[in-house]
Amino acid sequence: MVNTHPQQKLVAKKIIKEKIDPKLIKYINQNILPEYDQNEHAHDRGHAEYVTHRSLSFAHDFSHNLNYAMVYTIAAYHDIKHHVNAKEHEKLGSQALLTDRHLREYFNPEQIETMAEAVFDHRSSADSEPRTIYGKIICSADRTTTIRNAMQATYHYRAFHYAKNNLQEIINDAYKHIKSKYGPDGYAIPKNYFPDPEFESFLSDIKQVVSSLGLFQKVFIKVNQLENANLYKTIKENNLQP
């Protein structure tokens, strides 16, 4: 389970209770969120909840005039199709939202279009920045804020999608991914559009961890409890240094 900052969680739960139609919440809980159970651990229902809490907190801090129900719905759909096609899940999720007839009970066509655009635009690896404030909220909220979460999410994703790879290959690919995303000049860094002290602290920590493959491997193995794997024994025997 990915843990949201307590204050963000408190703000989000208050908004959900006081500002969002209970019938919409019930529909999403019963018909949308269960699909996250088909995703791998890094993009499961706990991740959806984490992103929902952060999204609502950012929306609250930015402007009280934003539509919280839209923010909530965007977060619910953002990774719903990750299990279908991870590389194009933002497009599939956007289409799922756009064609969901039940949402017409709560939103007008323009709002639905805006939400679909936000889901489409949420990936940090996208070439352009999100088109609307709602897209910027979901893009910013969908950031990890701890080394533990980053390491675990990267491991679970690769263990699920690249099951034939050995552990060394998984670690090498994870190192390349995290360094390109969060290291110096990482592509995800400019895609954070709101004050986020936790994310800034994480960036400082993760840049040190990715400063060398040796250090990264040791942290990766420890966080994911892979000490008994054959690779770890090889690393110890070779006395691999950071």
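For the condition among the polar types (S, T, N, Q), part of a helix (DSSP H, G or I) and within 16 Å of residue 16 (Cβ to Cβ), what is the one hit in 94, 57? Can you show your working first?
Numbers: 94 fails: within 16 Å of residue 16 (Cβ to Cβ).
It is 57.
Identify, by number, the condition in (1) surrounded by 17 or more Cβ atoms within 10 Å (Cβ to Cβ); (2) within 16 Å of the chain's Cα centre (by Cα) that residue 179 doesn't meet. Residue 179 satisfies every listed condition except (2).
Yes or no, residue by residue, for (1) modelled with pLDDT under 95; (2) assigned to a loop (DSSP other than H, G, I, E, B); (3) of a type in the set (Asp, Glu):
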| position | (1), (2), (3) |
| --- | --- |
| 164 | yes, yes, no |
| 172 | no, no, no |
| 175 | no, no, no |
| 184 | yes, yes, no |
| 205 | no, no, yes |
| 208 | no, no, no |
| 211 | no, yes, no |
| 216 | no, no, no |
| 219 | no, no, no |
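Residue by residue, here is whether (1) of a type in the set (Ser, Thr, Tyr); (2) modelled with pLDDT of 95 or more; (3) surrounded by fewer than 18 Cβ atoms within 10 Å (Cβ to Cβ) holds:
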| position | (1), (2), (3) |
| --- | --- |
| 4 | yes, no, no |
| 8 | no, no, no |
| 15 | no, yes, no |
| 22 | no, yes, yes |
| 32 | no, yes, no |
| 41 | no, no, yes |
| 61 | no, no, yes |
| 64 | no, no, yes |
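Looking at the range 66-76, is at least one residue part of a loop (DSSP other than H, G, I, E, B), buried (at least 22 other Cβ atoms within 10 Å of the Cβ) and assigned by TED's automatic domain parsing to the domain that holds residue 10? No, every residue in the range 66-76 fails to be part of a loop (DSSP other than H, G, I, E, B), buried (at least 22 other Cβ atoms within 10 Å of the Cβ) and assigned by TED's automatic domain parsing to the domain that holds residue 10. Of all the residues in the range 1-52, those that are without any contact (Cβ under 8 Å) to a residue 60 or more places away in the chain, under 27 Å from residue 86 (Cβ atoms) and more than 20 Å from the chain's Cα centre (by Cα) number 1. The residues of the range 77-91 that are assigned to a loop (DSSP other than H, G, I, E, B) and of a type outside the set (Lys, Arg), listed by number, are 78, 79, 80, 82, 83, 84, 85.
The values are calculated or read from the model by the stated rules, or taken from the named source; none is laboratory data. Keep in mind it's a predicted model, so treat the numbers as computed, not measured. Quick reminder, even Gly has a Cβ in these numbers, built from the backbone with ideal geometry, and neighbours come from all protein chains shown.
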